[in-house]
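Have a look at the structure below before the remarks.
The numbers here are math on the coordinates, done by the rules we state, and not lab data. This one's a predicted model, so the numbers in the text were calculated from it and none came from an experiment. A quick note on method: Cβ atoms are made from the backbone with ideal geometry, for glycine too, and the neighbour counts reach across all protein chains shown.
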Amino acid sequence: MFACLLELTLFRRGHGPGRFQHDAHEFLRALCNAVAVASLAPFKFGDDAARNFAELTTLPNVLFGFDVKRITRCDECGSACETNERVLDLDIPIPDTNACQQLRSLIASMFADEQLVGREQYECNACGRHCDAVRQTIIDSTPAVLIVHLMRFGFGNDARKLATPVAVLPRMEFGGAIYELVRRLLFFELR
Ligand SMILES: [Zn+2]
């Protein structure tokens, strides 16, 4: 198995009104979407089962797709709610710091248990009220090619590129599978 890592910042042309931004990740998503739409065109008027199967067998899905399961358990009544999501890549938020971050640690923190307390309390259907809860995020299947998108953009008025150094090992475990680094793409802002 191999990993393809996309590290990107802003690729900008022009300034002021009418300016537009593109990056490698946006391009990849647009390309995957175009391939999926073209692949599914013959099934446009087919039945749901055929279309669902076709969606799972599009090239982007076969290459990059994997499943993430989220289980939220209410602290009050113990009931659990499970959701499943099919994703094509990992969007990794990057902290704004000068300290070097390990990619595997950033990924591990994405899949660490999340305490939903205070303003983040969980609205429990079983209790009918807001409760403290714990959310587990589980890698339910692994992709043939893992795409990691380091989100190096700031938010709000401070929308600058984050220059936080991120260390990437040539081999990495993800969901029990071992991935080897194939490509690391860097896009720099053009002015
Ligand atoms: Zn509850």
* **Computed FRET value (nearest 0.05) for residue 69 with residue 151, which takes r as the C-beta separation and R₀ as 25 Å** => 0.65
* **HN-Hα J in Hz across region 50-60 - Karplus 6.51, -1.76, 1.60, θ = phi - 60°, x for Gly and Pro** => 5, 5, 4, 5, 4, 4, 6, 10, 5, 4, x
* How large is the convex hull of the Cα atoms of region 103-175 per residue, expressed in Å³ as a whole number? -> 149 Å³
* Structure fact -> For the pair residue 182 and residue 79, the simple spin-label estimate (label points 7 Å beyond Cα toward Cβ) gives in nm 4.4 nm
* To do: Work out the FRET efficiency for residue 171 and residue 29 from their Cβ-Cβ distance, taking R0 = 30 Å, and round it to the nearest 0.05.
  => 0.70
* Asked: Which shape class applies to region 42-91: rounded if a/c is under 1.5, otherwise prolate when a/b exceeds b/c and oblate if not, where a ≥ b ≥ c are the square roots of the Cα gyration tensor eigenvalues?
  -> oblate
* Take residue 136, project a point 7 Å from its Cα along the Cβ direction, then tell me which residues of region 105-119 have their backbone nitrogen under 13 Å from it. => 112-114
* **Under 5 Å, built H, 5+ apart or other chain: amide partners of residue 151** => 92, 94
* Asked: Hey, rough spin-label estimate for residue 108 and residue 50, points 7 angstrom out along Cα→Cβ, what's it come to in nanometres?
  -> 4.8 nm
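Loop-only chymotrypsin sites (Phe, Trp or Tyr not before Pro) in region 61-144, please: DSSP not H, G, I, E or B, and at most 16 other Cβ atoms within 10 Å.
111
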* region 46-191: percent of C-alpha pairs farther apart than 22 Å? -> 56 percent
* Asked: Residue farthest toward the positive end of the dipole of region 99-160, with Cβ of Lys/Arg at +1 and Asp/Glu at -1: which of 125, 137, 105?
  -> 105
* Structure fact -> Here the residues of region 59-89 lying in the modelled label zone of residue 115, meaning backbone nitrogen under 16 Å from a point 7 Å along Cα-to-Cβ, are 73-76
* Structure fact -> Final fewest-first order of 113, 132 on the 10 Å Cβ neighbour count is 113, 132
